[in-house]
1. Name the helices (runs of 4 or more DSSP H) wholly inside the range 85-156 in which the number of residues that are at pLDDT 90 or above and under 21 Å from Leu244 (Cα atoms) is 1 or more.
2. Would you point out the residue of the range 1-55, among those that are part of a loop (DSSP other than H, G, I, E, B) and at pLDDT 90 or above, that is surrounded by the most Cβ atoms within 10 Å (Cβ to Cβ)?
Amino acid sequence: MEDSLLCNWGAFRAILAILQWWAFNVTVIIMNKWIFQNLDFKFPLTVSCIHFICSAIGAYIAIKFLKIKPLIEVNPEDRWKRIFPMSFVFCINIVLGNVSLRYIPVSFMQTIKSFTPATTVILQWLIWGKYFEWRIWTSLIPIVGGILLTSVTELSFNVAGFCAAMFGCLATSTKTILAESLLHGYKFDSINTVYYMTPFATMILALPAMLLEGSGVINWLHTYPSISSAIIIILTSGMLAFCLNFSIFYVIHSTTAVTFNVAGNLKVAVAVLISWLIFRNPISAMNAAGCAVTLSGCTFYGYVRHKLSQQQPPGTPQSPRTPRSIIGMLPLINDKQDKA
């Protein structure tokens, strides 16, 4: 009886974790798109910088005052040699995601970001010469095919948004690879990751944001009719961005790797559906089919990786891995977890 209750509670906890992760993720994505499209705040660098500041403050409060997680000590030399490069790539990743949202619909952007497993495998193969079984390469075929079909049939196609999203995939993959090498030895959780990386990311992005968008932001502040409500929405999106990271920490510890992979792909489908209901961007039947093929390919890829990991003989030395919490931290736009 007690085992049954524990099992039911575990299942309920996993469902609750997934639902709140979906809620935060989809809300942040929709709010960012709303900020660019409906508030006419077309400044992706500034939005990203605000999110970094809110997340840095939230992580500081969570660790120093609320004591949600203990602070992981990192010596000053490692902060610059290990965490700073990660922060730089992470900053590029988030900015590219926001740039893509400015120009293309949420549905198209989310589908393109599903290309991340393919870019991760290709980069590891090219840079590290890492060997992958034929089943891994085969599982990438529907992902690549689905992206091609979606791009060709996208009615709201924009070159700048498409390129930003694709380079965002490369940045996400680079972040994954760097995480495995630079952060080896540090068992970071998502809260500590945010705590250490967002101050660097804010420092990196603040000057470009002021130089490239400062005058536009000042002009927007003087001309936008409902400035108070708009600022509240922008700041709220930043606070929700931090909550999203905490939700990732919760969902990772409440589900299995397979469940997490499937839930992540279903989350993309939910984001696509809700964004279409809100923004009503045109989606053709072939475009929807391409999105479905891509998500199915991502799910198949995760299944293949899981089966291959189970086949590894006991006692085989593992390559250095970073917990999934670091790989998918701060998914303000994309939250592709460690699927590679």
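The values are calculated or read from the model by the stated rules, or taken from the named source; none is laboratory data. Remember, predicted model here, so these are calculated numbers, not experimental data. Counting neighbours? That spans all protein chains shown, and the Cβs are built from the backbone with ideal geometry, glycine included.
1. Hits in the range 85-156: 106-113.
2. This residue is Phe41.
Conditions (1) touching a residue at least 12 places away in the same chain (Cβ under 8 Å); (2) hydroxyl-bearing (Ser, Thr, Tyr); (3) closer than 28 Å to Asn281 by Cβ; (4) part of a helix (DSSP H, G or I), marked per residue:
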{"position": "Ala179", "(1), (2), (3), (4)": "yes, no, no, yes"}
{"position": "Tyr186", "(1), (2), (3), (4)": "yes, yes, no, no"}
{"position": "Leu211", "(1), (2), (3), (4)": "no, no, no, yes"}
{"position": "Ala241", "(1), (2), (3), (4)": "yes, no, yes, yes"}
